[in-house]
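J.: Next up is a structure, given as structure tokens.
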Number of protein chains: 2
Amino acid sequence: MSYRVVFVGAGNLATRLSVELKKNGCIIEQVYSRTFKSANRLALRLKTYFTTSPWKIMPDADIYFIALKDSAWEDVLPHAAFGNSLVVHCSGSMSLNSLKKYANNTGVFYPLQTFSKKSSVRFKQIPVFIEANSKKNEDVLLEIAGRISDKVSVMNSDNRLYLHISAVFACNFVNHFYAIAADILEKRGISFDLLRPLIQETAKKIQDTSPAEAQTGPAVRFDQNIITAHLNALQSFPEFREIYKKTSESIYHYQKNR
Amino acid sequence: MSYRVVFVGAGNLATRLSVELKKNGCIIEQVYSRTFKSANRLALRLKTYFTTSPWKIMPDADIYFIALKDSAWEDVLPHAAFGNSLVVHCSGSMSLNSLKKYANNTGVFYPLQTFSKKSSVRFKQIPVFIEANSKKNEDVLLEIAGRISDKVSVMNSDNRLYLHISAVFACNFVNHFYAIAADILEKRGISFDLLRPLIQETAKKIQDTSPAEAQTGPAVRFDQNIITAHLNALQSFPEFREIYKKTSESIYHYQKNR
């Protein structure tokens, strides 16, 4: 079936997802974004219409994908005439119920991946988590998700929240530590390229072993001399020194108690 | 040239490195480890001799590789008769000078990678950093390192320390966050397999972009609602809650000021 879809939001996730849905038989009828630039950019890419006015979000689409920061929902969603269309958000941490005040038919479509406008990802490998307020709506979302991903499952709001938290640790926080490493190296005039193989291997290693078993380094060995040397050296990076200390302590306690 | 080599230490690094050196024309004449089990295991693998007594470390080898925790050096190294042989440590964070009290000819041979006894790594891709107390010793180490790695360079002790610190962030700390994510999921009955593609993509993404640019997630968006929801949910994981808070703050400040 060719679902007629409206995207409310035009950020990284909206961009990747709308492009993928268009490739897989959905008709993207309109894009809403608060800013002209984002709305126009994504609409051009999808060869469709756009608006920057919440009250001009078109009525009667089959599905509305809400890919907005939740703090913006209240400025936008009450102005749209969703009627009995299916309204779906894409957030790991918002409950299904949070859409109830805006729409009669609600769902969640949460792809677990880090998106950027630039680099494209192989969507087929991305796990997508579905939830809906009725079996009928769930089936619609399962069918659409199955077109773009091989890893679709149903998950309730509570588990999805914890899944999102674990993704924040394993992706956003991890990436921040890459950034800290890059920053330290840059200030010493050392190329970040030297670290890239280690970063790859660290991610690869846990593809077939548990991270707790894979742990190496001074903290798990409780190598106090090295930790002290690092904390001394980080006196020139005070903003990273505290994180170093807390994380080392956390590793030590975690590994000791497991 | 067939260097005659003794390994002082039989942990993950010693295991990987000795196996690689043996494959590339070095003769591993002996392995020392404090414990019978480790010494015997590695010696069997290398088909060579071992000892658990520091004073039975054999004299007159060409090169001694010290792959011990530095806190164990003082118990072992004074008992070995190094004479004028080249004595090399493998630590990112120990200076070249720290070997001076034990030997006349000293060097550093630091492979930047996370090693485990189980999984083998493609050594050719691992950066190796060399330092030595003389040009002659430096040349010996550069030649040996060049046999097993395509990415050999000379680096002084001060820069190597910061390189090691950045590796602790990008590898050990990163892996701890994988472990935290796995732990949270396990306690919710959710499979860690769901996160593995995200972990791969996060590492892949920064192979051709800077980590600061690649950042996504609630902290960089300053999505206070989501952060609050996560902190509330983490009340059942108090040991991870503080790390979540500190790391989110660090991301926010880092991204704001760059």
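The values are calculated or read from the model by the stated rules, or taken from the named source; none is laboratory data. Quick caveat: nothing in here was measured; it's all calculated off a predicted structure. Methodologically, a virtual Cβ is constructed for each residue, glycine included, from the backbone with ideal geometry; neighbour enumeration extends over all protein chains shown. Side chains included, ligands, DNA and RNA excluded: accessible areas come from the protein's heavy atoms. Shrake-Rupley method; radii C 1.70, N 1.55, O 1.52, S 1.80 Å.
J.: Treating only the Cβ of Lys, Arg, Asp and Glu as charged (+1, +1, -1, -1), what charge dipole size does region A:4-127 show about its Cα centre? Round to the nearest 20 debye. Walk me through the numbers on the way to the answer.
T.: Values: 17 positive and 7 negative charges, 124 e Å.
With Lys and Arg at +1 and Asp and Glu at -1, about 600 debye.
J.: Next question. What's the angle, to the nearest 10 degrees (0 to 90), between helix A:174-187's Cα axis and the longest principal axis of chain A?
T.: 50
J.: Cα axis of helix A:36-46 to longest principal axis of chain A: angle in degrees, 0 to 90, nearest 10?
T.: The helix A:36-46 is inclined about 80 degrees to chain A.
J.: Which value in nm describes the separation of the simple spin-label points at B:Lys101 and B:Ala81, placed 7 Å from the Cα toward the beta carbon?
T.: Label-label distance for B:Lys101 and B:Ala81, simple model: 2.3 nm.
J.: If I stretch the segment between B:Met58 and B:Phe237 completely, what's the gain in nm (0.36 nm per residue apart, minus their alpha carbon distance), one decimal?
T.: Residue separation times 0.36 nm, minus the Cα-Cα distance, leaves 59.3 nm.
J.: Taking beta carbons within 10 Å but only from partner chains, what does the mean come to for residues A:225-232?
T.: Working: counts 7, 11, 2, 1, 9, 8, 1, 1.
Across the residues of A:225-232, the mean count of other-chain Cβ atoms within 10 Å is 5.
J.: Take the alpha carbon gyration tensor of region B:95-152, find the square roots of its eigenvalues, order them as a ≥ b ≥ c, and report rounded if a/c is under 1.5; if not, report prolate when a/b exceeds b/c, else oblate. Don't skip to the answer; put the middle values down first.
T.: On the way: a/c = 3.01, a/b = 1.66, b/c = 1.81.
Verdict is oblate for region B:95-152.
J.: Rounded if a/c is under 1.5, else prolate if a/b is larger than b/c, else oblate: which is region B:1-157, with a ≥ b ≥ c the root eigenvalues of its Cα gyration tensor?
T.: Note, shape of region B:1-157 comes out rounded.
J.: Points 7 angstrom from Cα along the Cβ direction at A:Asn12 and B:Gln224: gap in nanometres?
T.: 2.3
J.: Further, regarding this structure: To one decimal in nm, how far is A:Asp60 from the same spot in the other copies, if labels go 7 Å from Cα toward Cβ? Please give the shortest first.
T.: 9.7
J.: Show the residues, 5+ positions off or on another chain, whose built amide H is closer than 5 Å to the amide H of B:Asn105.
T.: B:Val87
J.: Of all DSSP beta bridges in the protein assembly as shown, what percent run antiparallel (nearest 5)?
T.: DSSP beta bridges in the protein assembly as shown are roughly 15 percent antiparallel.
J.: While we're here: Need one number: % antiparallel among DSSP beta bridges in chain B, to the nearest 5. Let's see the in-between values first.
T.: On the way: 5 of 29 bridges.
Given both bridge residues lie in chain B, the antiparallel proportion sits at roughly 15 percent.
J.: Now a separate question. Given the peptides A:159-165, A:142-148, arrange them by the average over their residues of other C-beta atoms within 10 Å, most packed first.
T.: Numbers: A:159-165: 22.4, A:142-148: 18.1.
With the highest mean Cβ count within 10 Å placed first, the list reads A:159-165, A:142-148.
J.: Compute the FRET efficiency between A:Ser157 and A:Glu74 as 1/(1 + (r/R0)^6), taking r as their Cβ-Cβ distance and R0 = 22 Å, and round to the nearest 0.05.
T.: About 0.70, to the nearest 0.05.
J.: In addition: Name the residues of region B:173-199 whose amide N is less than 17 Å from a point 7 angstrom out from the Cα of B:Lys246 along the C-beta direction?
T.: The answer is B:173-181, whose backbone nitrogens lie closer than 17 Å to the label point.
J.: Additional query: Tell me, what is the 1.4 Å probe accessible area of A:Lys135, in Å² to the nearest 10?
T.: Rounded to the nearest 10, that gives 130 Å².
J.: Same structure again: Using a/c under 1.5 as the rounded threshold, could you call region B:1-85 rounded, prolate or oblate? The axes a ≥ b ≥ c are square roots of the C-alpha gyration tensor eigenvalues, and prolate needs a/b larger than b/c, oblate otherwise.
T.: oblate
J.: Enter the accessible area of B:His79 (Å², nearest 10), with the probe set to 1.4 Å and all protein chains included.
T.: Accessible area of B:His79: about 90 Å².
J.: Another question, if that's okay. Hey, in the GNM for chain A with a 10 angstrom Cα cutoff, which one of A:Ser18, A:Ser166, A:Ser248 fluctuates hardest?
T.: A:Ser248
J.: Residues with beta-carbon under 10 Å from that of B:Tyr110, excluding B:Tyr110: net charge, scoring Lys, Arg +1 and Asp, Glu -1?
T.: That works out to 0.
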